[in-house]
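The values are calculated or read from the model by the stated rules, or taken from the named source; none is laboratory data. Since the structure is predicted, the reported quantities are computational estimates derived from the model, not experimental observations. Don't worry about glycine lacking a Cβ; one is built from the backbone with ideal geometry, like all the others, and counts go over all protein chains shown.
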Amino acid sequence: MIKNYILILFVLFLWGCTSVNDTPTINISLVSINGEIQNNYNLNNEEFIKLETGDELGLTLVLNGHGNELQTFNMSLTDDDLNAELLYDTKSVTTEGNLSDPANGRLRFTDGVTRTEVSLISTIDSITYDGQDIIISFYLSSATSSEGAMQMVTLKVNNDQ
């Protein structure tokens with residue numbers, strides 16, 4: 001009888017020690033500049049993307065809740081000179097009330113969405129200072145995790161045209 005209890009406790013201990021990642025993640029799966037896919041950017045090592053005025057930047061993000069439902073996605077820009085548009089699966093984003101505001105970079109996901117992709121298409125309209133950095137920040141939260149994910153992309157912009 002005691003052996004059964006010890007076995008049950010051991011199994012519960014092993015189950016409790018398993019690594020469960022319930023924190024959502026944001027991964028950049030594609031970078032394109034003026035329609036050309038860029039393979040030389042490792043954004044996880046905090047490299048920056050070099051752009052010039054008039055360039056079009058495309059980013060594809062994979063949002064993963066690791067089995068947990070995604071709740072919200074937010075994008076913020078440090079500069080208004082970046083004209084940005086979010087592209088997403090309309091079935092995965094709620095349109096009820098004002099929970100989602102894609103024009104301002106805010107998406108609220110429908111129930112059951114655990115993984116999706118969001119694309120950002122943006123054009124550098126004008127730059128007032130040569131060499132100015134623009135930072136795009138992405139935030140993601142899931143319904144069950146108290147921690148969220150954050151990803152930042154730094155753009156180096158030159159006016160040398």
Worksheet entry | Tally, over region 84-102, of residues that are surrounded by 13 or more Cβ atoms within 10 Å (Cβ to Cβ) and part of a helix (DSSP H, G or I) | 2
Worksheet item: Are any of the residues in region 100-115 over 20 Å from L155 (Cβ atoms), in contact with a Gly (Cβ under 7 Å, 6 or more places away or on another chain) and free of Cβ contacts under 8 Å to residues at least 60 places away in the same chain?
Response: yes
Discussion item. Considering only region 39-56, I want to know if a residue exists there that is closer than 28 Å to F109 by Cα, modelled with pLDDT under 90 and either part of a strand (DSSP E or B) or among the basic types (K, R) (or both).
Written reply: yes
Practice prompt. Name the single residue, out of those in region 123-149 being part of a loop (DSSP other than H, G, I, E, B) and farther than 24 Å from T110 by Cβ, that is modelled with the lowest pLDDT.
Written response: Y129
